[in-house]
């Protein structure tokens with residue numbers, strides 16, 4: 001009897017499967033995904049590279065003048081993140097004073113080269 | 001039974017391989033996160049068996065080896081052996097940040113620097129752990145790579161340059177026999 | 001047990017084994033010597049109802065290696081029996097005959113700190129890789145993997161920075 | 001009859017995780033079992049000594065992918081106690097919600113795996129389907145399906161918005177209904193009763209003697225739960241019950257876990273409905289004073305203990321991690337003696353082994369032939 005009930009219930013319910021490539025799985029707004037850097041905002045303080053647990057943020061040369069708290073600073077360095085080595089802990093986002101480095105709610109792609117960097 | 005290397009049958013084999021890739025998951029010292037996400041892929045929500053992707057326990061049946069995580073010293077020789085047991089052409093997907101470079105464990109005393117030092121990796125997936133849709137994307141990337149390789153007649157056309165960042169001296173593929 | 005076990009009764013009972021201090025509301029720390037650890041555990045087990053071992057913690061103090069046996073009973077008070085062993089001769093009697101789960105903790109401590117537990121019948125290396133050198137104990141403070149040390153043909157890379 | 005050594009692992013079609021069993025069997029009966037578990041040994045404890053409190057938390061989360069919140073919480077709880085910080089109630093509640101959701105996803109995962117090893121794949125599919133609802137909630141709250149990254153010393157990193165609370169509450173009734181169904185199933189489903197009853201029996205005395213923890217111990221009648229005995233987070237304020245059972249076999253462990261699933265939904269519901277307002281973190285100092293603490297936590301698999309010693313700097317002097325699976329291996333090796341070889345997967349799965357937890361350190365268990 002219970003078998004019949006179960007069958008009927010499942011027969012009437014919608015399938016749970018998401019047909020992935022055709023319909024996308026919703027990504028929540030809070031999702032910590034692909035790392036992104038806004039170059040305009042970065043003041044080159046290298047806090048993100050100090051705090052990164054996986055040490056995938058390196059500071060490379062990027063001289064530029066940036067506005068910070070009404071002052072114009074001449075920064076020397078800018079961060080570079082190895083995309084496939086990022087562990088998405090969002091500590092860089094948490095400790096960045098200007099919000100220049102953050103994690104978008106987007107998926108990273110997969111690729112054949114493990115050394116892809118984001119600057 | 002060896003498949004004769006004539007055009008038609010070779011094409012048939014390649015077509016069949018791309019339509020139903022069989023996968024072996026090897027936990028080379030991961031934190032289980034990638035493994036449960038792979039199982040989540042198989043489950044009703046994502047159901048990768050729709051694509052003909054089957055997860056097999058035995059490496060001898062598999063086309064694709066998914067290495068979840070960095071490689072500990074103890075697992076290095078075992079991983080190499082599992083990889084050697086797979087039939088050609090074999091493909092390796094390194095999952096997550098650990099697969100690419102050890103992730104948060106990079107440089108600890110009881111692990112290799114990366115999966116690359118033990119077996120050649122074909123596809124990297126970002127994330128710690130990757131979402132199931134990213135895993136599916138990675139398998140699709142791997143299938144595209146298979147098709148390209150078949151068109152080029154082997155993997156030689158995309159010979160990897162040695163990995164940058166870590167120096168590869170001394171920790172080449174000399175794994176404990 | 002006729003009377004309830006409280007912090008006071010434990011303090012009174014364990015005084016003979018060394019310095020007793022209450023470090024937290026429900027945790028007591030007793031500093032004793034390696035020779036008396038067997039008696040201390042027997043006493044706390046039989047008289048005070050400390051019947052289960054939470055864990056054996058090990059700390060490298062530099063000069064000495066410190067072992068802490070954390071026990072708990074049904075009264076939910078934790079007692080930490082601490083002993084210190086000299087670095088050059090870290091040998092102590094096993095407690096795996098009194099507390100069965102201790103055997104597994106002793107094995108891993110033996111591997112990672114090089115402390116020998118006399119009387120433990122299964123004291124061979126297992127945690128680390130098969131070809132790990134027998135005289136290197138990775139969790140000791142002074143151990144760092146050398147840049148040109150190879151284990152089984154695999155180079156252990158030294159981490160830059162931290 | 002001569003004894004036969006059956007070696008299984010580390011890569012084996014029937015195993016999901018790297019572990020090596022050497023089963024010494026006499027015919028069909030197991031005489032003793034040797035385990036080699038250190039394939040996942042990474043050296044986390046050494047690395048934790050070299051990283052400051054900010055960078056060590058993501059590392060400790062990755063001790064284990066299933067109980068990641070447990071490791072981060074137990075560590076930050078210990079460090080906060082050494083620093084003498086008191087955490088705002090809202091942060092305590094958020095931590096409790098994540099912890100209980102984690103317990104739910106872990107127990108649902110376990111129920112599925114246990115059903116899978118007895119060949120009851122329908123239940124496997126069902127539990128994993130329901131687990132997705134928990135995973136969605138966790139992903140919405142924390143931003144990742146597995147490594148939540150919610151903790152930091154002094155509080156939590158993310159606040160719960162009213163929309164997130166609404167969404168989580170909306171998912172709970174469906175889950176509650178499903179869990180009721182599982183409770184009913186565990187007690188009546190013939191497939192499970194046949195394979196779980198009287199398999200891997202362990203009496204209360206044995207559970208105490210061999211140091212079993214968590215649902216394994218509670219199934220044998222040991223009334224021991226850190227959440228009640230040494231209350232942390234918000235457990236002292238939330239009404240809930242400790243689930244115990246007297247069967248002592250795999251059936252009892254299933255009943256305990258399913259019962260805990262129900263309790264977890266009630267705790268999550270209470271916390272979401274009574275979420276206090278206020279800040280979610282306090283500013284923590286960079287360094288911790290000298291001190292030592294044994295921080296305990298009831299992880300999904302049992303009691304998790306971190307022994308932490310600080311030395312006045314921004315790094316720990318020593319963190320010693322005792323994971324619940326490690327404590328349970330002795331008891332499982334005892335359970336297996338005199339059982340059928342075919343029952344190994346069920347009995348091993350019944351303690352919910354988490355090998356990446358365990359293998360940060362390793363063990364080989366030796367069981368006396370006389371055993372029990």
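Checking each residue in region C:56-94 for being within 10 Å of another protein chain (Cβ to nearest Cβ) and in contact with a helix residue (DSSP H, G or I) (Cβ under 6 Å, 6 or more places away or on another chain) picks out C:56, C:58, C:76.
Has region C:136-148 got any residue that is within 14 Å of chain B (Cβ to nearest Cβ), more than 16 Å from residue B:108 (Cβ to Cβ) and at pLDDT below 75? Yes, region C:136-148 has at least one match.
Within region D:226-241, count every residue that is within 20 Å of residue D:77 (Cβ to Cβ) and touching a helix residue (DSSP H, G or I) at 6+ places or on another chain (Cβ under 7 Å).
6
When residue C:23 is tested against (1) assigned to a strand (DSSP E or B); (2) touching a helix residue (DSSP H, G or I) at 6+ places or on another chain (Cβ under 8 Å); (3) touching a residue at least 40 places away in the same chain (Cβ under 8 Å), exactly one condition is not met: (2). Summed over region A:58-75, the residues that are under 21 Å from residue A:114 (Cα atoms) and either exposed (fewer than 15 other Cβ atoms within 10 Å of the Cβ) or within 13 Å of the chain's Cα centre (by Cα) (or both) give a count of 1.
Can you work out which of the residues in region B:64-87 that are surrounded by fewer than 22 Cβ atoms within 10 Å (Cβ to Cβ) and more than 10 Å from chain D (Cβ to nearest Cβ) is nearest to residue D:38 (Cα to Cα)? Applying the filter and picking the extreme gives B:77. Scanning region B:92-120 for residues that are under 10 Å from the mean Cα position of the chain (by Cα) and either at the interface with another protein chain (Cβ under 7 Å from one of its Cβ atoms) or assigned to a helix (DSSP H, G or I) (or both) returns B:99, B:115.
So, in region D:15-56, of the ones that are in contact with a strand residue (DSSP E or B) (Cβ under 6 Å, 6 or more places away or on another chain) and closer than 16 Å to residue D:151 by Cβ, which residue ends up surrounded by the most Cβ atoms within 10 Å (Cβ to Cβ)? Per the stated criteria, the residue is D:48. Taking the conditions exactly as written (assigned to a strand (DSSP E or B) and surrounded by fewer than 21 Cβ atoms within 10 Å (Cβ to Cβ)), does residue C:85 satisfy them or not? Yes.
Okay, residues lined up against (1) in contact (Cβ under 8 Å) with a residue 40 or more places away in the chain; (2) crowded, with 21+ Cβ neighbours inside 10 Å:
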| site | (1), (2) |
| --- | --- |
| A:35 | yes, yes |
| A:38 | yes, no |
| A:54 | no, yes |
| A:77 | no, no |
| A:83 | yes, yes |
| A:97 | yes, no |
| A:105 | yes, no |
| A:112 | no, no |
| A:116 | no, no |
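In region B:44-63, what count of residues is obtained for those that are in a loop (DSSP other than H, G, I, E, B) and facing chain D (nearest Cβ under 10 Å)?
So in region B:44-63, the residues in a loop (DSSP other than H, G, I, E, B) come out as B:44-47, B:52-53, B:56-58, B:62-63.
Of the ones still in play, those that are also facing chain D (nearest Cβ under 10 Å) are B:44-47, B:56-58.
Residues that pass the stated criteria total 7.
Taking region D:231-350 and the helices (runs of 4 or more DSSP H) fully enclosed by it, the elements with 1 or more residues that are at pLDDT 85 or above and either over 27 Å from residue D:183 (Cα atoms) or more than 14 Å from chain C (Cβ to nearest Cβ) (or both) are at D:250-273. Counting the residues of region C:123-139 that are touching a residue at least 60 places away in the same chain (Cβ under 8 Å) and surrounded by fewer than 16 Cβ atoms within 10 Å (Cβ to Cβ) gives 0.
Note on region C:50-70: residues that are outside any strand (DSSP E or B) and over 18 Å from residue C:116 (Cα atoms) total 2. Of all the numbered requirements in (1) more than 14 Å from chain B (Cβ to nearest Cβ); (2) in a loop (DSSP other than H, G, I, E, B); (3) in contact with a helix residue (DSSP H, G or I) (Cβ under 6 Å, 6 or more places away or on another chain), residue D:148 misses one, and that requirement is (1).
Would you mind stating whether residue A:25 is surrounded by fewer than 17 Cβ atoms within 10 Å (Cβ to Cβ) and within 8 Å of chain B (Cβ to nearest Cβ)? Spelling it out, residue A:25 is indeed surrounded by fewer than 17 Cβ atoms within 10 Å (Cβ to Cβ) and within 8 Å of chain B (Cβ to nearest Cβ).
Answer yes or no as to whether residue C:63 is within 15 Å of the chain's Cα centre (by Cα) and farther than 22 Å from residue C:6 by Cα. Here the answer is no, as residue C:63 does not meet what is asked.
Could we say that residue D:81 is within 30 Å of residue D:195 (Cβ to Cβ), more than 14 Å from chain B (Cβ to nearest Cβ) and surrounded by fewer than 23 Cβ atoms within 10 Å (Cβ to Cβ) here? I'd like the intermediate steps shown before the answer.
Details: within 30 Å of residue D:195 (Cβ to Cβ): no; more than 14 Å from chain B (Cβ to nearest Cβ): yes; surrounded by fewer than 23 Cβ atoms within 10 Å (Cβ to Cβ): yes.
Criteria not met by residue D:81.
The values are calculated or read from the model by the stated rules, or taken from the named source; none is laboratory data. Computed from a prediction, not measured in an experiment: that's the story for all the values here. So basically every Cβ, Gly included, is an ideal-geometry build from the backbone, and we count neighbours across all protein chains shown.
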